[in-house]
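The values are calculated or read from the model by the stated rules, or taken from the named source; none is laboratory data. All values derive from a computational prediction rather than experimental measurement. In this analysis, Cβ positions are derived from the backbone assuming ideal geometry, glycine residues included, and neighbour counts consider all displayed protein chains. What goes into the accessible areas is simple: the full protein's heavy atoms, side chains included, and nothing from ligands, DNA or RNA. Shrake-Rupley method; radii C 1.70, N 1.55, O 1.52, S 1.80 Å.
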Amino acid sequence: MILGVYPYLRMNGNGKEAVEFYKEAFDAEVLGVQTYGDLPEDPEYPLSEQDKQLISYAQLKIGNTYLMLSDSTDEPFQIGTHLNVAILFTDAEKTKAVFEKLKSGGDVIVPLQETPFSLAYGQVKDQFGITWQISTIDES
């Protein structure tokens, strides 16, 4: 089942400020904030102490919908890549099917995989140049 489609903002190292700004501007509820330092270390992608302080994932509830964001660790930050679309599922098989369709004619950025925050998470840029962040939420 698809839970919804939400805007996902990629910030240039100012994610913490953005969370506070949008919280205040929209009277939003901050549902969660996680830094890259909160994630398990990956020896293939070592992070500096500065990068560990950056937001890896934040979710705000605005009215009946959500805004998600994270800091980009891409160097240099590319203008025009800071808006993605996040789509949340409750069924990992449906997640996989949609991911496979979106990657047809496109490019896989992050292969679909289990992560500390999702049963199945991946990123794909579709044939139209839109970056999708696909995620399966465990509702148990």
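One table, with the values for the structure above:
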read-out: So K125, is it over 22 Å from M11 (Cβ atoms) and of a type outside the set (V, I, T); value: no
read-out: Residues (surrounded by 15 or more Cβ atoms within 10 Å (Cβ to Cβ) and more than 25 Å from I130 (Cβ to Cβ)) located in region 8-26; value: K16, K23
read-out: Of all residues making up region 27-57, the number that are open to solvent by 60 Å² or more (accessible area, probe 1.4 Å) and either free of Cβ contacts under 8 Å to residues at least 40 places away in the same chain or touching a Ser or Thr at 6+ places or on another chain (Cβ under 6 Å) (or both); value: 15
read-out: Qualifying positions in region 58-83 - touching a Ser or Thr at 6+ places or on another chain (Cβ under 9 Å) and closer than 18 Å to F117 by Cα; value: A58, S70, D71, S72
read-out: Subset of region 1-56 [charged (D, E, K, R), touching a Phe, Trp or Tyr at 6+ places or on another chain (Cβ under 9 Å) and part of a strand (DSSP E or B)]; value: R10
